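Scroll down for the structure; my scribbles are underneath it.
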Amino acid sequence: MLGRRFGDFETAEDAVQEALLAAAAQWPHDGVPDNPRGWLIQVAARRMTEQVRSEQARRRREDVVVRQTPADQWSAPSADDEYEGHRDDTLTVLFLCCHPSLTPTSAIALTLRSVGGLTTTEIANAFMVPEATMAQRISRAKQRIRASNVPFRMPSAEEWAGRLRSVLHVLYLIFNEGYAGSAGPELHRGDLAWEAIRLTRAVRELLPDDCEVAGLLALMLLTEARRPARTGPAGELIPLAEQDRTLWDADLIAEGVDLITATLARGTVGPYQLQAAVSAVHDEAAGVEDTDWPQILALYGLLERMSDNPMVSLNRSVAAAMTHGPATGLGMLDALESDARLANHHRLHAARAHLLEMAGDRSAAAESYRTAARLTMSPPERGYLLTRAARLGG
Amino acid sequence: MKYIMLMQFSAAQTDFPGIDTWSAEEVKAHIEFMGRTNEELVKSGEFVDAQGLAMPDHAKIVRANGGQAPLVSDGPFPETKEFLAGWWIVDCETPERAVELAAAVSAAPGPGGRPLNMPIEVRPVMSAPPREV
């Protein structure tokens, strides 16, 4: 809206953010103005003209999207129209932040800053880089959007699916970052997982009918539910099979299972929904031996037909091993070795190690664990793989 | 992904005289180049850290076996043919970009303004999130 008028994404985005914050602070006292959207634009335009850059607003960790007034609270007669407009502006900012012309790291930083409302300091801490570096990363991302002349409006019908996929991918990457073990003093990297859940909830409120948005939210909830059991007291990784399932978050599981069940029954199935379904099967099992592996195998089969991701085939091999025995899974892994994307990937060797261990081939399993340990870029993972190899001897 | 770029001096692999023998202008040009490099890394959103180390004369090697008092030997260590002069940590999108950055600092100006062609060791910093297994 303002972006269209002023043609400057950065300024418009800051101004919209400030106007929304002002509205959130003012409306409870003064009541909702007759034309909330017009009022917002007026406030935002005034701020832009004055070039107000309030440090206070920058420091405030407000979530613009989540704090928006729900549709049923708008009192103006044209309530639906007003809500639509507001909704569109928020979504437009999100689509721009996750624009495919940005690299993933830039898109992540810009989304957390502009839509999540995190401060630059908080984002810098989360990614363990100096604040000046993160400030530059965010500002370059904005410049790039400006330079690429992406219009400040919702993607067209033809672009819609692809652009939404970019948004969901960025949210998914933010969630995954939350699984890095190290922590800064203020914002733990683990908090990024919650940030991603918060943002995805907000996107779901804006796009309640999209099945993949719901699928991604369910996947996050069902994965986050296992977090308390994933690491031991020294930060060591505990594999799914050995986790204390009483530590899993039952509320998150219930919410995630309800969401994915309702979503799968409703519309077009997509990759996030299938991954959420796999996670739901795990989360509902009392133990690894009670897990419905044939169902997981079938879900990965569907997922494999839908995506060209070799990690899916890798997971399907493990599910096949759990269903039909390790020999079947090992045969499938051998076939994957010719995929250049996997050949030197630690996860291929880690999966083979597990299946060799299942098959009772201790020395070959230990060797594969050690190969995987040499290749991984995650310290807790390396610790886990080395421990596993050492236990087997050989 | 974060990468460390180690400026590893080695008598065998460098063919320029020590910086303490350079002219004032040569030293100045070198230091300015390093300063500019760091500024550009901040601007590109890739800078994480850069440190120069004191000369090996100031080094101490400490060893302890958990029982007796630790054994401390003072530098310089004439048998050492290589020493770490400093490092950068950068956060960049691809391994190719890390190599590109290392190449840029390898060619830092030395005597006569000629590129030093220093060996820079590039290694990923382990910081990936672990996957559930």
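The values are calculated or read from the model by the stated rules, or taken from the named source; none is laboratory data. From a predicted model like this one, the values you see are computed outputs, not experimental measurements. So basically every Cβ, Gly included, is an ideal-geometry build from the backbone, and we count neighbours across all protein chains shown. Note: accessible area is taken over every heavy atom of the protein model, side chains too, but ligands, DNA and RNA are not part of it. Shrake-Rupley method; radii C 1.70, N 1.55, O 1.52, S 1.80 Å.
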Working only within the range A:385-394, note down all residues that are under 30 Å from the mean Cα position of the chain (by Cα), under 11 Å from residue A:350 (Cβ atoms) and either more than 12 Å from every other protein chain (Cβ to nearest Cβ) or open to solvent by 20 Å² or more (accessible area, probe 1.4 Å) (or both).
A:388
Could you check how many residues of the range A:350-384 are within 20 Å of residue A:325 (Cβ to Cβ) and under 26 Å from the mean Cα position of the chain (by Cα)?
2
So which pairs qualify, if the first residue must be in the range B:39-68 and within 14 Å of chain A (Cβ to nearest Cβ), the second must be open to solvent by 70 Å² or more (accessible area, probe 1.4 Å) and outside any loop (DSSP other than H, G, I, E, B), the Cβ gap must be under 6 Å, and the two must be at least 6 apart or on different chains?
B:45/A:140
Sort through A:341, A:347 and tell me the only one that's of a type in the set (Lys, Arg), open to solvent by less than 60 Å² (accessible area, probe 1.4 Å) and farther than 20 Å from residue A:232 by Cβ.
A:347
For residue B:75, state whether it is exposed (fewer than 15 other Cβ atoms within 10 Å of the Cβ) and more than 14 Å from every other protein chain (Cβ to nearest Cβ).
no
Members of the range A:349-366 found to be within 18 Å of residue A:379 (Cα to Cα) and in contact with an Asp or Glu (Cβ under 7 Å, 6 or more places away or on another chain), listed by number
none
Given (1) within 17 Å of the chain's Cα centre (by Cα); (2) closer than 14 Å to residue B:112 by Cα, where does residue B:23 come up short, assuming only one miss?
(1)
Pairs, first among the polar types (S, T, N, Q) in the range A:276-289, second open to solvent by less than 10 Å² (accessible area, probe 1.4 Å) and assigned to a helix (DSSP H, G or I), C-beta under 8 Å, six or more apart
A:279/A:218; A:279/A:222; A:279/A:256
Any chance you could count how many residues in the range A:164-179 are modelled with pLDDT under 90 and either more than 10 Å from chain B (Cβ to nearest Cβ) or not in a helix (DSSP H, G or I) (or both)?
2
Answer yes or no: is there a residue in the range A:371-388 that is farther than 29 Å from residue B:2 by Cβ and without any contact (Cβ under 8 Å) to a residue 12 or more places away in the chain.
no
Inside the range A:180-209, can you point out the residues that are away from chain B (no Cβ under 14 Å), open to solvent by 10 Å² or more (accessible area, probe 1.4 Å) and modelled with pLDDT of 55 or more?
A:194, A:198, A:201, A:204, A:205, A:207, A:208, A:209
Counted residues in the range A:216-264 being of a type outside the set (Val, Ile, Thr), open to solvent by 50 Å² or more (accessible area, probe 1.4 Å) and in contact with a Leu (Cβ under 8 Å, 6 or more places away or on another chain) come to 2
